[in-house]
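Heads up, the thing below is written out as structure tokens.
What follows is calculated from the coordinates using simple rules that are stated; it is not laboratory data. Since we're looking at a predicted model, the values are computed, not measured. All Cβ positions, even for glycine, are placed from backbone atoms using ideal geometry, and neighbour counts span all protein chains on display.
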Amino acid sequence: MIRHLRGLLLRRSPTDIIVDVGGVGYGLAISLATYDRLPVEHEEAVLFTYTHVREDRLQLFGFADEDERDMFELLIGVSGIGPTSALTVLSGIPLKALQTAIFEERVSDLTRVRGIGKKTAERVVVELKDKIRFSMVAGTGTDAAQPGEGTGVVSAVQEATMALIALGFQAPAAKKAMERAQKENGVDATVQELIRHALRNR
């Protein structure tokens with residue numbers, strides 16, 4: 001099982017990256033929180049990883065720190081939440097806010113994320129509250145949301161739209177979500193701000 005990668009960041013997008021390690025290009029799915037913290041392309045990147053194995057597929061997930069990976073592993077252990085849904089949750093809510101929402105049983109905060117219904121959110125709270133309590137008392141968990149570099153109005157909207165489609169939005173819905181997000185966040189909104197707005201306002 002691959003748990004850590006250090007290599008040259010060849011390509012980055014809000015949903016996936018390619019890291020060259022010794023001439024081998026590893027494709028990793030990432031959350032928006034990790035995207036916020038990536039270096040620019042062609043610089044060294046360090047990712048903590050989770051290897052998801054199915055009968056017909058092997059997939060790598062990359063995280064900026066071990067706390068986010070640990071939260072991902074907790075989430076996919078909850079019935080009804082797969083790896084893609086877990087990444088969507090981590091993209092829609094900063095890690096510390098997510099831990100607090102679970103710890104304080106704020107189900108409504110979780111249901112604001114696309115694809116997480118009330119029953120699933122309730123299962124997350126029931127199954128993870130004690131584990132989150134331990135991690136918060138231990139002082140782990142970081143708010144990974146940091147400002148990213150803006151890429152211009154058109155490119156930011158296009159990139160965010162493609163990311164939403166990769167996260168499961170239908171193309172028309174993704175475009176409408178971007179229109180609302182840009183209108184409410186302004187023309188200087190970053191890719192990260194646009195995606196978070198769309199994920200929290202279904």
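When the stretch 40-51 is filtered for residues that are hydrophobic (A, V, I, L, M, F, W, C) and either outside any loop (DSSP other than H, G, I, E, B) or more than 23 Å from Ile195 (Cα to Cα) (or both), the ones remaining, listed by number, are Ala45, Val46, Leu47, Phe48. The set of residues from the stretch 77-115 being part of a helix (DSSP H, G or I) and among the polar types (S, T, N, Q) comprises Thr84, Ser85, Thr88, Ser91, Gln99, Thr100, Ser108, Thr111. Taking the listed residues Leu9, Leu74, Leu60, Leu5, the one that is surrounded by 13 or more Cβ atoms within 10 Å (Cβ to Cβ), out of contact with any Gly (no Cβ under 9 Å at 6 or more places or on another chain) and in a strand (DSSP E or B) is Leu9, with no other qualifying. Within the stretch 15-39, the residues that satisfy the criterion of being within 24 Å of Glu193 (Cα to Cα), in contact (Cβ under 8 Å) with a residue 40 or more places away in the chain and either assigned to a strand (DSSP E or B) or not hydroxyl-bearing (Ser, Thr, Tyr) (or both) are Asp16, Ile17, Ala29, Ile30, Leu32, Ala33, Asp36, Arg37. In the stretch 73-122, the residue that is farthest from Gln192 (Cα to Cα) out of those that are in contact with a strand residue (DSSP E or B) (Cβ under 9 Å, 6 or more places away or on another chain) and of a type in the set (Val, Ile, Thr) is Ile76.
Filtering the stretch 159-202 to residues that are without any contact (Cβ under 8 Å) to a residue 12 or more places away in the chain and basic (Lys, Arg) leaves Lys176, Lys183.
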